[in-house]
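Accompanying notes for the structure given below.
Just so it is clear, none of the values below were taken in a lab; they were calculated from the coordinates. All values derive from a computational prediction rather than experimental measurement. Every residue, glycine among them, receives a Cβ derived from its backbone with ideal geometry; neighbour counts consider all protein chains shown.
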Amino acid sequence: MADLARKRNEELARILHQLGWSPERLSREVNLTLPNGLAISSTAPYKWRDRGMVPRAPHDQTVCEVLSRTLGIAVTYEQLWGRMGGNRGAKILSPGLLTDPWTADTAQTALREAGVHGGPVRLTALFRGDELEQAARLWASPPPPVTGGEGALRIAPEQLVDLRLGYDSKQRLERACGGGLILDPARAELAMVGKLLELGSYGEPLGRELYAAAARLARLVGWAAHDMGYEAAAQSAFVAALRAAHVCGDPRLGVSVVGCLVVQATHSAGGRGLDAVAMLAAALRAADGRLSPSELALQLGRIARAHGRRGERAEAEAAADRAFRALDGVPGHRQERADLDGMVGEAYLYLGEHERARVLLAGAVAVLEPARARARALLMVRLADSYRRTGDQEDAARTADRARRLAAGMQSERVARALRDFDSATRAG
């Protein structure tokens, strides 16, 4: 810890006052997140707040993550510590996380960082339009050569099958039980795939398949981290997934990763979601004609929800119409249609169109399978919030209670935060 400036950290003091937390409460919450060997004293937050001291890694980023989860909006490193001592504490993964050369070597570096448990990473400004535009151009360029593959560890195609089975099982658990259940195992498996890329013996075709497996795992790590409110870790994992998808040469996989960034940007502070939407629109153009109807509908639904969040009715409805047309007449997409109904329902909820929102949200909740329990719980809370906003307190309470029963034991900070926000709004009303 470095006593860099003996001045009060007004931003930390403001946030603690907003939460009604004492410094001792902050130390308890931080220690619940960290391994036992990294616990801090109960007096450390007093020094951070009152004397301007800046904690070293990983405590600096852990404080940001704890406050972000509790507030429901991102608390960035620069916001909390940037004025207090500059350049101390957490390391930046890369000053050009999106714009560093898009090579196999930089993809391996990003994957290695994303697979480190609790690695200290600042919340970077990924959603700046200039960097996103440049990244979209680089990502859409032809894949780079696969370097490496000259190690002594022989990689067999059968191992790729095992990796895919492991990914599928973790994804099912995440959808049913929340990201907290699978985050650490998925990180460990991503680190293992990184070792295979580093130490393995493989030719170009097998190498590209390995990068595809790494991209899927990094995307899952990012999604699980986002579900738990670890937004900085989610961003670094998503960018690692995007880089690995670029190396493997699969534009469909890359589009899916950019779509995850859109979801994160849509719900982040600062209203920057449409910058990421511009990147997704560029990705969709780059992958034109190569996406399946369900893949296209998913990404267009995410765009519609992001526009709804910003109050852009015409743009939201145009994206929603394109999404529904993509699935029209295509059999076997009942779950995908329910997903789309849920996203467009959320868009209408943001736009204040409660009747249209409720029809879509209720339809999605009724159709989504029990294996999609996390998505169903989130949509139930959205539906309850719509009832609350229009004065139907009985239906609001009943729907929220259904969501609570479904979410019992679920390891999802997104669901927990949505329920907390609903309860706070109900009390305030």
Which shape class applies to region 92-288: rounded if a/c is under 1.5, otherwise prolate when a/b exceeds b/c and oblate if not, where a ≥ b ≥ c are the square roots of the Cα gyration tensor eigenvalues? oblate
Estimated dipole of the chain in Debye, rounded to 20 [Cβ of Lys and Arg +1, of Asp and Glu -1, Cα centre]: 940
Whole-angstrom gap from region 192-262 to region 138-186, using each part's C-alpha centre: 7
Label-to-label distance, nm, for residues given as Glu158 and Arg389 (7 Å Cα→Cβ offset): 5.5
Stretchable slack from Arg137 to Arg172, in nm (0.36 nm times residue separation minus alpha-carbon distance): 9.3 nm
Between region 339-410 and region 15-43, the alpha-carbon center distance in angstrom: 33
Taking θ = phi - 60°, what integer Hz values does the Karplus form 6.51 cos²θ - 1.76 cosθ + 1.60 yield along region 364-376, in sequence order, with x for Gly and Pro? 5, 4, 6, 9, 4, 6, x, 5, 9, 4, 5, 4, 4
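Averaging sequence separations of C-alpha pairs under 8 Å and six or more residues apart, then dividing by the length of region 329-419, give the relative contact order as a whole percent. Working shown, then result.
Details: 99 pairs, mean separation 21.6, N = 91.
Relative contact order of region 329-419: 24 percent.
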Hydrodynamic radius by Kirkwood, which averages 1/r over all alpha carbon pairs of region 10-85, in angstrom: 12.2
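Rounded to the nearest 500, what is the chain's calculated 222 nm mean residue ellipticity when only DSSP H runs of at least 4 contribute -39500 (n - 2.57) each, over all residues?
Details: 19 runs with 289 residues, N = 429.
Calculated mean residue ellipticity at 222 nm is -22000 deg cm²/dmol.
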The ³J(HN,Hα) series, computed from each phi in region 158-164 with the Karplus coefficients 6.51, -1.76 and 1.60 at θ = phi - 60°, rounded to the nearest Hz and given as x for glycine or proline, is 4, 5, 5, 4, 4, 4, 5
If each of Arg420 and Leu38 carries a label point 7 Å out from its Cα toward its Cβ, how far apart are those two points in nm? 2.1
Relative contact order [Cα under 8 Å, 6+ residues apart], region 10-85, whole percent: 29
Rank Val258, Leu361, Leu220 by how far each Cα sits towards the positive end of the charge dipole of the chain (+1 on Lys, Arg Cβ; -1 on Asp, Glu Cβ) and give me just the farthest. Leu361
Residue separation times 0.36 nm, minus the C-alpha to C-alpha distance between Thr99 and Asp184: what's the value? 27.8 nm
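Between Asp288 and Met192, what length comes free when the chain is fully extended (0.36 nm per residue of separation minus the Cα-Cα distance, one decimal in nm)? Spell out each step's value before the answer.
Working: separation 96, 0.36 × 96 = 34.56 nm, distance 3.34 nm.
Answer, rounded to one decimal: 31.2 nm.
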Under-5 Å amide H pairs with Val54, H placed in peptide plane, nonlocal only: Ala2, Leu4
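Below 13 angstrom from the Cβ of His354, what's the summed charge of the other residues (Lys, Arg +1; Asp, Glu -1)? Mind dumping the intermediate values first?
Details: positive: Arg356, Arg358, Arg382, Arg388, Arg389; negative: Glu346, Glu353, Glu355, Asp385, Asp392, Asp395.
The answer is -1.
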Estimated inter-spin distance, Ala318 and Arg427, nm [label 7 Å along Cα→Cβ]: 4.3
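Relative contact order, percent, of the chain when contacts are C-alpha pairs under 8 Å separated by at least 6 residues?
This gives 13 percent for the chain.
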When a/c reaches 1.5 or more, the comparison of a/b and b/c decides; with that in mind, is the chain rounded, prolate or oblate per its Cα gyration tensor? oblate
